[in-house]
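*Asks:* One structure, as structure tokens, below. Some questions next.
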């Protein structure tokens, strides 16, 4: 059996310990209470000190929470912030199934109970060629998945977003081309990678609805559409799951969707990105990095694969 | 009434541009306040959307003139058309400046590889000679050929719609609405054309004509 040592995350990719320790104390307390309660404003000071990977500036909170693609609430970048409030996130249950020892329907609180959310400041790169640097709070996905005891047949894991047209106006829209609910998937080794996160918060607060409350996947080396929001279903499978954008436009979106400046999307060059906030006279364009800058950590997962074919 | 026609058209067609000018001026002083996190993209989308609306409005002038029996409308056709050209030219310039940042190799790549951009660029290219020859002088000089040349506007509108259709990822309601408007305006022309050519037109044209003229 191949034993893979978890790749080391360079210190530059991680928030300084003094900063996150301070935050963790507060957050442990904050997240233990229902998600609707606000976190003390005292956090603001600690947060401002956080620097992004390689000293890149962290995207301001108001942009992270107001510029979103969450088509369940509309096509416009501002629609999720406007309408995601209509979604009920408490109570929230998660259905676990497929190739695992502990399938069943779990309350969200029970799934994350006992874990302390960690600070992870990650680059976030959208396939539309814009990017942010986001201070997530999350639990490594491998820890969560371990709870359900995936068996030897589990080669992939599939995630499903909430389907509730009464609260998600995008799911009611006429002339849409997306077959709801939104589904995504990862290969098991991608899911178990230490960088892969289930985020439960951002900016030291519980995740706002428009960012995928109460929890969402974050896979920092893949285009944003892989990082599925408001997850209600986790299923372990033997064969590669479908993913929504691949089903909607197979020529444009693949299953892997690794950030790759050398493989263009038919609509957007992927060689560069606009780091938000961009301004009219300083678009803030920068070179896109292979695997979004996480090549050292995740490159090994794809050794020998033709990334042009498996885009 | 007809005295106010042109000022009213200036007001209607100019208003979105005035609003954009205001938004940009706010944006320059307070980044993010008026146009969001990605203002360059917002400006490009805004101009493109209004350009397409103006183009459809220009195509609506003649059918409306005929159906409403309002001959004075003909006097504003050029104005609306030039507004469409202005919006779409600004759309292209905004793309060049804000999105491509005058990186010509990227522009060439976009034009060659991304079909929706190719379609959009061809649409603007088709409008260029129409804007140039929109003056009375050119109208006189070209004579009968002027009308033939200006039929290019139909190709431009079709290419513009294709541009929007191809860049739409989901939520096809908007492009569908524009498409229906375009088709109605074209059917009106088809109906008019077949009436002009007597009964010799194909049956389907006569059926369309009857439909549009309300039976009989």
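The values are calculated or read from the model by the stated rules, or taken from the named source; none is laboratory data. Since the model is a prediction, treat every value here as computed from it, not as a measurement. A quick note on method: Cβ atoms are made from the backbone with ideal geometry, for glycine too, and the neighbour counts reach across all protein chains shown.
*Asks:* When you go through (1) part of a loop (DSSP other than H, G, I, E, B); (2) within 23 Å of residue A:225 (Cα to Cα); (3) at pLDDT 95 or above one by one for residue A:95, which number turns out not to apply?
*Replies:* (1)
*Asks:* Restricting to region A:146-169, count the residues that are within 18 Å of residue A:245 (Cα to Cα) and either in contact with a strand residue (DSSP E or B) (Cβ under 7 Å, 6 or more places away or on another chain) or buried (at least 22 other Cβ atoms within 10 Å of the Cβ) (or both).
*Replies:* 7
*Asks:* Mind telling me which of the residues B:123, B:94 ends up being over 19 Å from residue A:272 (Cβ atoms), in contact (Cβ under 8 Å) with a residue 24 or more places away in the chain and out of contact with any strand residue (DSSP E or B) (no Cβ under 6 Å at 6 or more places or on another chain)?
*Replies:* Just a single option satisfies the conditions, and that option is B:123.
*Asks:* With the requirement that a residue be within 11 Å of chain B (Cβ to nearest Cβ) and surrounded by fewer than 18 Cβ atoms within 10 Å (Cβ to Cβ), what does region A:175-187 give you?
*Replies:* A:175, A:176, A:177, A:179 - these are the residues of region A:175-187 that are within 11 Å of chain B (Cβ to nearest Cβ) and surrounded by fewer than 18 Cβ atoms within 10 Å (Cβ to Cβ).
*Asks:* Tell me which residues, restricted to region A:281-302, are within 10 Å of chain B (Cβ to nearest Cβ) and either touching a helix residue (DSSP H, G or I) at 6+ places or on another chain (Cβ under 8 Å) or free of Cβ contacts under 8 Å to residues at least 12 places away in the same chain (or both).
*Replies:* A:281, A:282, A:283, A:284 - these are the residues of region A:281-302 that are within 10 Å of chain B (Cβ to nearest Cβ) and either touching a helix residue (DSSP H, G or I) at 6+ places or on another chain (Cβ under 8 Å) or free of Cβ contacts under 8 Å to residues at least 12 places away in the same chain (or both).
*Asks:* In the set A:149, A:190, A:158, A:167, which member is at positive phi and either under 14 Å from the mean Cα position of the chain (by Cα) or away from chain B (no Cβ under 14 Å) (or both)?
*Replies:* Going through A:149, A:190, A:158, A:167 in turn, the sole match is A:149.
*Asks:* Quick one: residue A:172 ticks every box in (1) within 14 Å of chain B (Cβ to nearest Cβ); (2) touching a strand residue (DSSP E or B) at 6+ places or on another chain (Cβ under 6 Å); (3) more than 27 Å from residue B:35 (Cβ to Cβ) except a single one, so which number is it?
*Replies:* (2)
*Asks:* Here's something else I'd like to know. So, of the residues in region A:201-216 that are part of a strand (DSSP E or B) and in contact with a strand residue (DSSP E or B) (Cβ under 6 Å, 6 or more places away or on another chain), which turns out to be farthest from residue A:265 (Cα to Cα)?
*Replies:* Across region A:201-216, the extreme among qualifying residues is A:201.
*Asks:* I'm checking my understanding of the structure. Among residues of region B:12-41 that are buried (at least 22 other Cβ atoms within 10 Å of the Cβ) and under 25 Å from residue B:123 (Cα atoms), which one is farthest from the other protein chains (Cβ to nearest Cβ)?
*Replies:* Selected residue: B:13.
*Asks:* Now for a different question. Look through region A:164-178, keep the residues that are at pLDDT 95 or above and out of contact with any helix residue (DSSP H, G or I) (no Cβ under 6 Å at 6 or more places or on another chain), and return whichever of them is farthest from residue A:236 (Cα to Cα).
*Replies:* A:166
*Asks:* Can you find a residue in region A:268-280 that is without any contact (Cβ under 8 Å) to a residue 24 or more places away in the chain, under 30 Å from residue B:29 (Cβ atoms) and within 12 Å of chain B (Cβ to nearest Cβ)?
*Replies:* Yes, region A:268-280 contains at least one residue that is without any contact (Cβ under 8 Å) to a residue 24 or more places away in the chain, under 30 Å from residue B:29 (Cβ atoms) and within 12 Å of chain B (Cβ to nearest Cβ).
*Asks:* Cβ-Cβ distance below 8 Å, separation of 6 or more or different chains: which pairs start in region B:136-155 with a residue that is without any contact (Cβ under 8 Å) to a residue 40 or more places away in the chain and end on one that is surrounded by 13 or more Cβ atoms within 10 Å (Cβ to Cβ) and not in a helix (DSSP H, G or I)?
*Replies:* B:139/B:133; B:142/B:133; B:146/B:133; B:149/B:133; B:150/B:133
*Asks:* If you don't mind, another one. Is it the case that residue B:174 is within 14 Å of chain A (Cβ to nearest Cβ) and either outside any helix (DSSP H, G or I) or modelled with pLDDT of 90 or more (or both)?
*Replies:* Yes: the conditions hold for residue B:174.
*Asks:* A further question on this structure: Assigned to a strand (DSSP E or B) and either within 14 Å of chain B (Cβ to nearest Cβ) or in contact with a helix residue (DSSP H, G or I) (Cβ under 9 Å, 6 or more places away or on another chain) (or both): is that true of residue A:127 in this structure?
*Replies:* No.
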